[in-house]
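Take a look at the structure below.
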Amino acid sequence: MERVAIGQTIRKIREAAGFSLRELAALSEVDHADIARIEKAETNAGLANILELAFALKVPPEDFFTGDLKKIKPSSK
């Protein structure tokens, strides 16, 4: 899967969960600017960041790579 598709999927999951960049950053301990760069495909997401973001969003990390958003349910933060 391309870096662009992964970033777009992370953004869609974040938005479906109702988190801003700063809220996700606070939960994941990944800097909000880094999350923005990942979502815009300006940088690669390292394994540690992928795991932190997945944990904060309460999704399995592989969801970022499959692009299957059907099972993603909006959360109540």
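At a temperature of 4 °C and a viscosity of 1.567 mPa s, determine how fast the chain diffuses translationally according to Stokes-Einstein, using the Kirkwood radius over alpha-carbon pairs as Rh; express D in µm²/s, rounded to the nearest whole number.
Reported coefficient: 108 µm²/s.
Of the options 41, 66, 17, report the single residue whose Cα projects farthest towards the positive end of the charge dipole of the chain (beta-carbon charges: Lys, Arg +1; Asp, Glu -1).
17
Whenever you get a sec, compute what percent of the accessible area on the chain sits on carbon and sulfur atoms (1.4 Å probe).
The nonpolar share, carbon plus sulfur, comes to 52 percent.
Around residue 48, what is the net charge, scoring Lys/Arg as +1 and Asp/Glu as -1 over all other residues with Cβ under 14 Å from its Cβ?
Net of charged neighbours comes to -4.
With all protein chains present and a 1.4 Å probe, how do 2, 29, 62 order by accessible area, largest first?
29, 2, 62
With a 1.4 Å probe and all protein chains left in place, how much accessible area per residue does the range 4-44 have, in Å²?
51
The values are calculated or read from the model by the stated rules, or taken from the named source; none is laboratory data. Everything quoted here is computed from the prediction, not taken from an experiment. Heads up, the Cβs are rebuilt from the backbone with ideal geometry, glycines too, and the neighbour counts pull from every protein chain shown. Heavy atoms of the whole protein, side chains included, go into the accessibility calculation; ligands, DNA and RNA do not. Shrake-Rupley method; radii C 1.70, N 1.55, O 1.52, S 1.80 Å.
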